[in-house]
Every structure is written in structure tokens, then in C-alpha cells.
Amino acid sequence: MKNKTIALITGANKGIGFETARQLGQQGMTVLVGARDARKGEEAAEKLRQEKIDAHALTIDVSQADSIKAAAQQVERDYGRLDVLINNAGLMLDEKEKKVSEQSLETWRETFETNVFGLIATTQAFLPLLRKSEAGRIVNLSSILGSITLHAKPGSPIYESKAYASYNVSKSAVNAYTVQIAYELKDTNIKVNAAHPGWVKTEMGGEGATMEIEDGAKTSVALATIGADGPNGAYLHMGEALPW
Ligand code: NAP
């Protein structure tokens, strides 16, 4: 039991997070199914347990400091360490009809509260537990929409994708934070990387998305399970580096 890898996936009650929990669980990890709604978390964990996965719900709202603290205390109490943290929780608020200059400051703030500050706060809260792991792994869910290089390049696949500016910039910030924290951790057993899952058929991905959820979880799973020779501070999609 003590040697089982323990993974926490935030926002795992549905979408890419749920599928990531499933795939890590299928590899024999104990998965902590993070959800801001306790009931949804319990339902998701129960679904995974029915698939013979060692899954446990963990209530965590990454926009609430108290909730993050309570979750970290619970993991410390129950397991004494954490091996994998997938910072998957994220949101994209709908202001797509508006130009970049018209997006409300409220939308910018709310988006950053979860996608950026929530991710940083969760990382800080769980870092002491990850330091107790023999090989801690952190995966930050970014997006190709966070690539400043591609946004600035006429003709790139995302050049015209400025509809969700606050979301795009929040993911650029996730990338920047990943590089900063990777530097701090470079001489430790912990590796931290940013993942672009693809354009995935989830509630956020919407109707036009091209990737099945099963494939959308693969980049997170791969980065959660890299060896000691794996990357640190990289921005990857299915093993391929993306331009920052
Ligand atoms: P999704 O289906 O909308 O799921 C998002 C998850 O995040 C849900 O579990 C949601 O919980 C949770 N969440 C939102 N705010 C939270 C908060 N404050 N605290 C805790 N959990 C919170 O989205 P998805 O497509 O699976 O996206 C997962 C990650 O991949 C996100 O970071 C997203 O930005 C990234 N991504 C997705 C795509 C794509 O094409 N789908 C592409 C690039 C990157 P509730 O159910 O309670 O709302």
C-alpha cells in the first residue's frame, strides 16, 4: 500500500480530468478525484471504483484558499505524501461575441482566479507533500491557446483565435509559471511541465472538437509518468514541444 503511487487530479469530476484519473487508475495508481462539488466528486469516484480503480473523492475548489488548505491537510493525514499533482481544473468564460478590448475585467479576474492563481495556490499547498515523494510529478493543464508565439504569427493555426482572450492569456501565464517553478525544482526529484491536451470533446471543448476524451488525457498521463530522464519545464502535446 505504501508503495502505491498517489495522484491528485483537480477538476476530475468530468472531462479530461475524469479520464486522466481513469487512465492513471488503470495503471495501478491511487487516484484522488478532485472536485469542487463534493457530490459530483463522490459520483465520479464511485464510477471509477466500479471499474476496479482505487479512487477516492477529494473536495477542492482551487479558487478558494480554505478549500485548498483543507484538501492538502486531508491528503497529508490520509497518505502523508503526494506523488502526482495534475492541475487540471480550469474554466473558459463565455464572452466570445466580444472583442479583446471589450472583455470585462470581471471575466479577466474570474478566469485568472481559477486558471492561474488557483493553479499556483494548489501547487504551493501540495508542494510539501510532493517533496516527500521519491519522484514527484506536476502537470499543469495549459493549451495551445496559451502560445504567445503562435498568437503573434499570422497564418498560425490559432492566429484568428482571439475570441477568449482572458482564457488565452491565463494559459500563457500558466506556461510562464511552469518555467519559473521548474527552475526552482530543477535539482529535486520533482518535475513540472505544461500540457496541451489537444482540442478535446468535453463541455469546454464543445461540438467542433476533434479529439476523443480518451486521447485528450494522454498528454497529462504521459507527463505524470515520465521517468527521471524526462523533461522539466517543458510545454508539450503528445510528446511534441510547442512554441512558447
Ligand atoms: P471541462 O469538461 O469543462 O471540465 C473542467 C473541470 O474543471 C470540471 O471538473 C470543473 O468542475 C473544474 N473546475 C472549474 N473551476 C474549478 C474550480 N474553481 N475548482 C475546482 N475545479 C474547477 O473542461 P476540460 O475540457 O475537461 O478541461 C480540462 C483542462 O484542460 C482545463 O484546464 C482546460 O483549460 C484544458 N484544456 C482543454 C481543452 C479542450 O479542448 N477541452 C483544450 C486545451 C486545454 P465543475 O464540473 O464543478 O464545473
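Quick rundown of the values:
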{"read-out": "Euclidean distance of C-alpha centroids, the range 31-96 and the range 207-243, integer Å", "value": "20 Å"}
{"read-out": "For the range 98-146, convex hull of alpha carbons as volume per residue, Å³", "value": "72 Å³"}
{"read-out": "Fraction of beta bridges assigned by DSSP in the chain that are antiparallel (%, nearest 5)", "value": "10 percent"}
{"read-out": "Lys, Arg +1 and Asp, Glu -1 on Cβ, resulting dipole of the range 82-161 about Cα centre, debye, nearest 20", "value": "320 debye"}
{"read-out": "Estimated [θ] at 222 nm from DSSP helical runs (n ≥ 4, -39500 (n - 2.57)) normalised by residues in the chain, nearest 500", "value": "-12000 deg cm²/dmol"}
{"read-out": "Relative contact order (%) - the range 107-218, alpha-carbon pairs under 8 angstrom, separation at least six", "value": "29 percent"}
{"read-out": "Cα-centre dipole for the range 52-193 with unit charges at Cβ (Lys and Arg positive, Asp and Glu negative), debye to 20", "value": "420 debye"}
{"read-out": "Dipole magnitude of the chain about its Cα centre (Cβ charges: Lys, Arg +1; Asp, Glu -1), debye to nearest 20", "value": "480 debye"}
{"read-out": "Cα Rg, Dmax, the chain, angstrom units", "value": "17.0, 53"}
{"read-out": "At 0.692 mPa s and 37 °C, Stokes diffusion of the range 1-58 via Kirkwood alpha-carbon radius, µm² per second", "value": "310 µm²/s"}
{"read-out": "Mean Cβ count within 10 Å, highest first, over the residues of peptides 70-78, 56-64, 172-180", "value": "56-64, 172-180, 70-78"}
{"read-out": "Farthest toward positive dipole pole in the chain [+1 Lys/Arg, -1 Asp/Glu at C-beta], among Gln23, Ser143, Gln73", "value": "Gln73"}
{"read-out": "The chain, relative contact order in percent, only Cα pairs under 8 angstrom and at least six apart counted", "value": "19 percent"}
{"read-out": "Relative packing of 198-207, 8-17, which averages over residues the other C-beta atoms within 10 Å, highest first", "value": "8-17, 198-207"}
{"read-out": "Diffusion constant of the range 149-211 at 4 °C, which comes from Stokes-Einstein with the Kirkwood Cα-pair radius and 1.567 mPa s, µm²/s", "value": "94 µm²/s"}
{"read-out": "Residue among Asp54, Asp66, Asp229 with the largest mean-square fluctuation in a Gaussian network model of the chain, springs linking Cα atoms under 10 Å", "value": "Asp229"}
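Every number in this text was worked out from the coordinates using simple rules, so none of it is lab data. What you are looking at is a predicted structure, and each value in this text was computed from that prediction instead of being measured. Every residue, glycine among them, receives a Cβ derived from its backbone with ideal geometry; neighbour counts consider all protein chains shown.
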